[in-house]
Amino acid sequence: MSEPTPGDPAAQPGLLLSARDIRELAEAAGIRPSKQRGQNFVMDPNTVRTIVGRAHIAPGQAVLEVGPGLGSLTLGLLEAQADVVAIELDRGLAELLPLTLRARGIEDERFALVHADALQVTELPQLPRAGEPTALVANLPYNVATPILLTMLERFPSLRSALVMVQSEVVDRLTAGPGSRTYGGPSVKAAWYGRAVHAGRISRQIFWPVPNVDSALVELVRHEQPLGTAEERERVFAVIDAAFAQRRKTLRAALSGWAGSAARSEAILRAAGIDPGARGETLQIEQFRAIARAEKAVQA
């Protein structure tokens, strides 16, 4: 995907918010973007339509959005005939968004707002027409982007795909393969859920305020069949956390605390067919699964 050009005259505002709309809405409501909460509002309709197009949203589909802000992307999704469930932590933004949508003629049944911390949400409302959300499309708060993405995929199996805008370095980590410098816990955990790919760069200039970091899109399509149960996922993720907590150590040493001793760590690794002298950054998700399975068979 090519990088969107801010303010492209070919992009007609239509239902969407222009840069002027964004600033006027914020000023009228006394809202300033919060750096603490990682808020950077998208203010270019062309970019919004590019993101929505990349998400391949079908008319009538239910979409989950986290951190809708003033509603730029929300309106883009609604323009594409999706119905939207949005999670917003900021009280002022949560109160303003429904008013903005109604002022643009959006029917209430096409939109549901959850005013909460996304990391604490365990249930989502079902929309009258579209039911459960099947896609996550969002401009995620930069400071908690990875935890939010992984938590949404964990808690809501109805989500079959995700397209989120995050810092470029986060995209690099989520899409990295074994052996690369950026490969780590987030890379392996994302691979548990599906295949993550880099889906395009985003210009800094389309945000208000302009961030000090580069942004990009990451797309994840969930596996057709889960790799394991919730219990197995917890056990595998515990192995991943231990392996990357001390990533420069051998697995024998890095997993010794998790296993109870270095000797048991080595026994588990050998039972899993893994070289105890290897490092976590060289293993794929299936090998971490093998370690978690072997742990049950090796006596403490």
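Part of a strand (DSSP E or B), assigned by TED's automatic domain parsing to the domain that holds residue 209 and either of a type outside the set (Asp, Glu) or out of contact with any Ser or Thr (no Cβ under 6 Å at 6 or more places or on another chain) (or both) - does that describe any residue in the stretch 67-79?
Checked the stretch 67-79: no residue is part of a strand (DSSP E or B), assigned by TED's automatic domain parsing to the domain that holds residue 209 and either of a type outside the set (Asp, Glu) or out of contact with any Ser or Thr (no Cβ under 6 Å at 6 or more places or on another chain) (or both).
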Criterion (surrounded by fewer than 16 Cβ atoms within 10 Å (Cβ to Cβ) and modelled with pLDDT under 95) met by exactly one of 53, 30: 30
Residue satisfying all of: in the stretch 187-211; closer than 23 Å to residue 40 by Cα and not hydrophobic (A, V, I, L, M, F, W, C); surrounded by the most Cβ atoms within 10 Å (Cβ to Cβ) among these: 200
Flag if residue 114 is surrounded by 23 or more Cβ atoms within 10 Å (Cβ to Cβ), modelled with pLDDT of 95 or more and not in a loop (DSSP other than H, G, I, E, B): no
Unmet requirement for residue 156, which otherwise passes all of (1) surrounded by fewer than 22 Cβ atoms within 10 Å (Cβ to Cβ); (2) under 24 Å from residue 231 (Cβ atoms); (3) under 11 Å from the mean Cα position of the chain (by Cα): (3)
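Please work out if residue 94 is loosely packed, with under 14 Cβ neighbours inside 10 Å, part of a helix (DSSP H, G or I) and in the same structural domain as residue 202 (by TED's automatic domain parsing).
Values: loosely packed, with under 14 Cβ neighbours inside 10 Å: no; part of a helix (DSSP H, G or I): yes; in the same structural domain as residue 202 (by TED's automatic domain parsing): yes.
It is false that residue 94 is loosely packed, with under 14 Cβ neighbours inside 10 Å, part of a helix (DSSP H, G or I) and in the same structural domain as residue 202 (by TED's automatic domain parsing).
I'm trying to understand the selection: among the residues of the stretch 200-239, which are in a loop (DSSP other than H, G, I, E, B) and either modelled with pLDDT of 95 or more or among the polar types (S, T, N, Q) (or both)? Break it down into steps so the answer makes sense when it comes.
Within the stretch 200-239, the subset in a loop (DSSP other than H, G, I, E, B) is 203, 209-214, 223-229.
Residues satisfying the conditions are 203, 212, 223, 224, 225, 226, 227, 228, 229.
A quick yes/no check of all residues on (1) under 14 Å from residue 185 (Cα atoms); (2) in contact with a Gly (Cβ under 7 Å, 6 or more places away or on another chain); (3) not assigned by TED's automatic domain parsing to the domain that holds residue 57:
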{"residue": "234", "(1), (2), (3)": "yes, no, yes"}
{"residue": "245", "(1), (2), (3)": "yes, no, yes"}
{"residue": "262", "(1), (2), (3)": "no, no, yes"}
{"residue": "265", "(1), (2), (3)": "no, no, yes"}
{"residue": "270", "(1), (2), (3)": "no, no, yes"}
{"residue": "278", "(1), (2), (3)": "no, no, yes"}
{"residue": "281", "(1), (2), (3)": "yes, yes, yes"}
{"residue": "285", "(1), (2), (3)": "yes, no, yes"}
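Being in the same structural domain as residue 113 (by TED's automatic domain parsing) and part of a strand (DSSP E or B) narrows it down to one residue among 136, 149, 124, 159; which is it? Break it down into steps so the answer makes sense when it comes.
Values: 149 fails: part of a strand (DSSP E or B); 124 fails: part of a strand (DSSP E or B); 159 fails: part of a strand (DSSP E or B).
Just a single option satisfies the conditions, and that option is 136.
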Number of the exception - residue 169 against (1) part of a loop (DSSP other than H, G, I, E, B); (2) farther than 30 Å from residue 266 by Cα; (3) among the charged types (D, E, K, R): (1)
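Look at residue 91 and say whether it is in contact (Cβ under 8 Å) with a residue 40 or more places away in the chain and of a type outside the set (A, V, I, L, M, F, W, C).
no
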Given (1) out of contact with any Pro (no Cβ under 7 Å at 6 or more places or on another chain); (2) surrounded by 15 or more Cβ atoms within 10 Å (Cβ to Cβ); (3) not assigned by TED's automatic domain parsing to the domain that holds residue 72, number of the condition residue 182 does not satisfy: (3)
Unique residue being among the β-branched types (Val, Ile, Thr), on the phi < 0 side of the Ramachandran plot, surrounded by fewer than 24 Cβ atoms within 10 Å (Cβ to Cβ) and in contact (Cβ under 8 Å) with a residue 40 or more places away in the chain when the list is 137, 170: 170
Count - residues of the stretch 97-111 that are over 22 Å from residue 18 (Cβ atoms) and not in a helix (DSSP H, G or I): 1
Total residues in the stretch 219-234, condition touching a strand residue (DSSP E or B) at 6+ places or on another chain (Cβ under 8 Å) and without any contact (Cβ under 8 Å) to a residue 60 or more places away in the chain: 1
Lone unmet requirement of (1) within 19 Å of residue 29 (Cα to Cα); (2) buried (at least 23 other Cβ atoms within 10 Å of the Cβ); (3) in contact with a Gly (Cβ under 8 Å, 6 or more places away or on another chain) for residue 82: (1)
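The values are calculated or read from the model by the stated rules, or taken from the named source; none is laboratory data. These figures come from a predicted structure and were not determined experimentally. No Cβ is skipped: glycine too gets one built from the backbone with ideal geometry, and neighbour counts run over all protein chains shown.
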